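Below is one structure; the comments refer to it alone.
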Amino acid sequence: MQTVTMPTIMRESVLLEPDCVRILDRRVFPFEKTFAVCTNVEDVAVAIEQMVTQSGGPFYAASAGMVLAAREAASLATAEDRLDFMQKAGARLVATRATNNHIANVVALLLRDCEQLLLDGDQFLPSFEARVQEVWEVRRETARKLGENGGHIIEDGDAILTHCWAESTIVETAAAALRQGKKFSFLCSETRPYLQGARLTAHSLAEMGIEVTVITDNMGAYAIDRGKVNRLMTAADRVSMSGHVINKVGTLQLAIAANHFAIPYFAMVQAPDKSAKTAMQVPMEDRDPQESLYCLGQRTASPLAKGWYPAFDVTPPHLVSGVITSRGVFSSFALAGYFKEDEI
C-alpha cells in the first residue's frame, strides 16, 4: 500500500500553543508561510473574519479559541462567571461566519461539555483542553472515513475538476485513492478573489505527488467539453436534507456544465445538515463587495466600478450525482439514510 504524505496545510493549519493559538495565514500561503498569533478570542474571531483561515480551518481555529477563553475563565471566582465568559466567547466566534456551520456546531458541543466540566473545579482547564483534543481527533477520524468512501468513487485514470479548497474532504479522498493504487489527476479552478484553488488546493495535492493543472474560473465548461475532465468533485459548506449543495460561489455553474456534458458531480460533506430541511434555511453570506475588486492585495478592477461578492451559491439536487459522507455515498434525494433512528 502506498504511503501518502499529508500536505502542509493539513498538518499546520491551527497550532494550539501554551500561550497562544497560531493560525496559518492562507491569504499568502504557499508564497509565504506565516502565522497569525492569537492570544485571545477576539484575535481568533478577527482572523476568521479576515480569511486568515477558511473552509475547515475555522473549526479548529474556533475550538482553539475556546481554549483561550477557558484559560481566561479559569481565573474567575465562580462557575457561573466562568460559564458566562465561555458563552460570550462562543457567541463571538459563531458570529464570524454564517453559511458554514462548523463553528456553530463545535462551539455548541464545547459549551454543553463546559457546563459539566466546570463542576471539576481546579481541573476545569486541563479537562477542557483534553476535551478539545478529543473533538479534533473525532473530526480527523470522520474525515478519514469520508476519504475512504470518496476514494472508491475515484477511478483509475480519472481527470477530476474541483473548485475552491475542500480541506480534509478532498485531501483524505485523494489520499485514500492513492493508497488504493490509483493514478489520477486534478484540474483546480483558481477560485477568485482569494485564489484558494490555485494556491491551497493545487499546492496541497501537488505536495501529495498528484498531477495538478490550474485553470481560470471561466474555463470549466470548455475543459469538460474538450475531454480534459471526466469527474467533478467539490466540498460542500452545507448540504440540506433536500439535497441542495451550498458551496463556494461558482460551484453551480460547474455543476450545470457537468450535467450538460453528462459527467458525474459528487459533493463531499461529513454529514448533511439535519437542521436545514431546505437551502432556504441556510444563511447565505455576502462578503464585503470590495473584496471582489482586489486579488492578493492588488486592485484588479477599474476604480470607477463597484463590486459584489456573494460568497456561496446553491446547486439543486438534480445536478448532484451523489453526496459523499463519512457514512457512505448517498443519493441527493435520500440523505435521511445518513442518520440513525436515534439521531433524527
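The values are calculated or read from the model by the stated rules, or taken from the named source; none is laboratory data. Computed from a prediction, not measured in an experiment: that's the story for all the values here. With ideal geometry, Cβ positions are generated from the backbone for all residues, glycine too; neighbour counts draw on all protein chains shown.
The table that follows gives values for the structure above.
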read-out: Subset tally (residues that are under 27 Å from the mean Cα position of the chain (by Cα) and charged (D, E, K, R)) for the stretch 298-312; value: 1
read-out: The stretch 301-314, residues that are touching a residue at least 12 places away in the same chain (Cβ under 8 Å) and either not assigned by TED's automatic domain parsing to the domain that holds His163 or not acidic (Asp, Glu) (or both); value: Ala305, Lys306, Gly307, Trp308, Tyr309, Pro310, Ala311, Phe312, Val314
read-out: Test: residue in the stretch 327-336 that is farther than 26 Å from Tyr265 by Cβ and in the same structural domain as Ala166 (by TED's automatic domain parsing); value: no
read-out: Members of the stretch 133-151 found to be without any contact (Cβ under 8 Å) to a residue 40 or more places away in the chain and more than 22 Å from Ile224 (Cα to Cα), listed by number; value: Gln133, Glu134, Glu137, Val138, Arg140, Glu141, Arg144, Gly147, Glu148
read-out: Matching residues in the stretch 133-166 - criterion: being crowded, with 19+ Cβ neighbours inside 10 Å, touching a Leu at 6+ places or on another chain (Cβ under 9 Å) and part of a helix (DSSP H, G or I); value: Gly151
read-out: Any hit, the stretch 181-202, residues being at pLDDT 95 or above, farther than 23 Å from Asp25 by Cα and among the basic types (Lys, Arg); value: yes
read-out: Residues satisfying the stated conditions in the stretch 174-191, i.e. buried (at least 21 other Cβ atoms within 10 Å of the Cβ) and touching a strand residue (DSSP E or B) at 6+ places or on another chain (Cβ under 7 Å); value: Phe186, Leu187, Cys188, Ser189, Glu190, Thr191
read-out: Strands (runs of 3 or more DSSP E) within the stretch 207-291 that include 3 or more residues under 17 Å from Leu187 (Cβ atoms); value: 211-215, 231-235, 265-268
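Matching residues to (1) within 21 Å of the chain's Cα centre (by Cα); (2) assigned by TED's automatic domain parsing to the domain that holds Ala73; (3) on the phi > 0 side of the Ramachandran plot:
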position: Glu134; (1), (2), (3): yes, yes, no
position: Glu167; (1), (2), (3): yes, no, yes
position: Ile170; (1), (2), (3): yes, no, no
position: Ala175; (1), (2), (3): yes, no, no
position: Phe186; (1), (2), (3): yes, no, no
position: Pro193; (1), (2), (3): yes, no, no
position: Gly197; (1), (2), (3): yes, no, no
